[in-house]
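Visitor: Structure incoming, see below.
Just so you know, all these numbers are worked out from the coordinates, no wet-lab data involved. Keep in mind the model is a prediction, meaning the values are calculated, not measured. Heads up, the Cβs are rebuilt from the backbone with ideal geometry, glycines too, and the neighbour counts pull from every protein chain shown.
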Amino acid sequence: MLLGCIADDFTGATDLAAMLVANGMRTVQCIGAPRPGQVAPDADAVVVALKSRTAPVAQAVAESLAALTWLRAAGARQILFKYCSTFDSTPEGNIGPVADALLAALEGGFALACPAFPANARSVYQGHLFVGSALLNESGMENHPLTPMKDANLVRVLSQQTEGTVGLVAHAVVAQGAEAIRKAMTALKEQGRRYAIVDAVEDAHLRAIGTAAAGHALITGGSGIAMGLPENFRAAGLLPRREDPGALPDIEGACAVLAGSCSRATLGQIGFARQGVEVYDVDALATPDAARLAADAIAWAETRLGATPIVIAASAPPDKVAALQAALGREAAGALIEDTMARIAEALVARGLRRLVVAGGETSGAVVARLGVASLRIGREIDPGVPWTYAEGTGAPMLLALKSGNFGGRNFFLKAFAMLEEAP
Ligand code: ADP
């Protein structure tokens, strides 16, 4: 293993892992920190997916340090702490406290911080984070239920979360390339700064920053910051040029989609799939009982399970979601559906399901937990940010695609299965 990554949430971890594969590293994502002594997978990069973004600070720090200890024992030469490209955090943390703890453990002294991800319209200019043309605090993120971002000035935001001081490597320097960035970071470190927010508004900047950070023990940022890192390992002769870093073992078996996201994108994808394959709608309002809902769906699926994909969807438009939430309460409604989908997944895997697409971040979390997935080897992307993966830890290995609700084009579901039939 060359690069060890610690991601503060699950879908963010997959996003990062897909970025590393796209740039030539064979990558495995672990669900939670592996146990001490657990053998490292055969991969160039490992991404440990935590759920630490909004956890209490002490817990986030402890889990991140446990991940760090395992990654270092497994041979990681450089550590990347991955957070959201909208810098999701509160004045208490967890970005600053986790970075502080990792840096102290690595005796690194200094780390850059760059959440920019131009492909997703996140850019950093003069230390200010933009989402498209809006400042972070005018982008909607100021109303986030858990991590409201009310200030776009990342130097200020990070300063609040750390006892260290924070400097800036501004666009004028970044535009000059890797050597200028490296010198600016060295100067800030010598001045005693613990962090530097580094501007980036295009991929070329991220690649140059990656080059400049080749010798850093710790790098922090969004998925974008990873794009320049594999080249450092190739330049050092540590990483071969891989023909197909996203190659996965082929697995035959039945195909299905489980959808628990109610996002507009997922609703559109289900509507599109109805034109080509059979779709079963889970009606939780009629039967608010996970065991019965699951049993009915399993009975429907059992006779249809095979090489042609089927879709089982709890997804509903806003008025129906509101009706279920009014009847049960918001949390109970979500938990009921997540439990239902997890039960369905478990039963269908027992009946031969081996190629599964799950739509919805929380829904994916519930399914992965129920199936006992321990790690995901990351394959090729179906649509940006959503790769096929090879899941281990379940009774039999299987192919999983875990889609955050809003991701993917209208034909995502059928495209995903069609891709498996294509030659690499
Ligand atoms: P996304 O990635 O789009 O946010 P998630 O799976 O994370 O999707 O979240 C969707 C939430 O909505 C889940 O908790 C799921 O259980 C819940 N849900 C799904 N269908 C319904 C429904 N018909 N009514 C109410 N809640 C639902």
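Visitor: List pairs: first in the range 150-177 and at positive phi, second buried (at least 16 other Cβ atoms within 10 Å of the Cβ), Cβ under 9 Å, 6+ apart or cross-chain?
Guide: If the second residue must be buried (at least 16 other Cβ atoms within 10 Å of the Cβ), the pairs left are Gly177/Ala208; Gly177/Thr211; Gly177/Ala212.
Visitor: One residue is enough: does the range 5-18 have a residue meeting the conditions over 19 Å from Ile219 (Cα atoms), among the charged types (D, E, K, R) and under 16 Å from the mean Cα position of the chain (by Cα)?
Guide: No, because not a single residue in the range 5-18 is over 19 Å from Ile219 (Cα atoms), among the charged types (D, E, K, R) and under 16 Å from the mean Cα position of the chain (by Cα).
Visitor: Please work out which residue is farthest from Ile337 (Cα to Cα), limiting yourself to the range 293-309 and to residues that are part of a loop (DSSP other than H, G, I, E, B) and not small (Gly, Ala, Ser).
Guide: Here the answer is Thr308.
Visitor: I'd like to check something: does the range 298-309 contain any residue that is free of Cβ contacts under 8 Å to residues at least 24 places away in the same chain and within 16 Å of the ligand (Cβ to nearest atom)?
Guide: No, every residue in the range 298-309 fails to be free of Cβ contacts under 8 Å to residues at least 24 places away in the same chain and within 16 Å of the ligand (Cβ to nearest atom).
Visitor: Of the residues Gly395, Gly372, which single one is under 24 Å from Ala314 (Cα atoms), free of Cβ contacts under 8 Å to residues at least 60 places away in the same chain and more than 16 Å from the ligand (Cβ to nearest atom)?
Guide: When all the criteria are applied, what remains is Gly372.
Visitor: Can you pull out every residue in the range 19-47 that is under 14 Å from the mean Cα position of the chain (by Cα) and either crowded, with 21+ Cβ neighbours inside 10 Å or not small (Gly, Ala, Ser) (or both)?
Guide: Met19, Leu20, Val21, Thr27, Val28, Gln29, Cys30, Ile31, Val46, Val47
Visitor: Ok, one more. What residue, among those in the range 277-291 that are out of contact with any Ser or Thr (no Cβ under 9 Å at 6 or more places or on another chain) and either within 13 Å of the ligand (Cβ to nearest atom) or part of a helix (DSSP H, G or I) (or both), is farthest from Gly365 (Cα to Cα)?
Guide: Selected residue: Ala286.
Visitor: Within the group Val98, Val124, which residue is hydrophobic (A, V, I, L, M, F, W, C), touching a strand residue (DSSP E or B) at 6+ places or on another chain (Cβ under 9 Å) and assigned to a helix (DSSP H, G or I)?
Guide: Val98
Visitor: Considering only residues that are among the acidic types (Asp, Glu), under 25 Å from Arg330 (Cα atoms) and in contact (Cβ under 8 Å) with a residue 24 or more places away in the chain, which ones fall in the range 242-288?
Guide: Asp281
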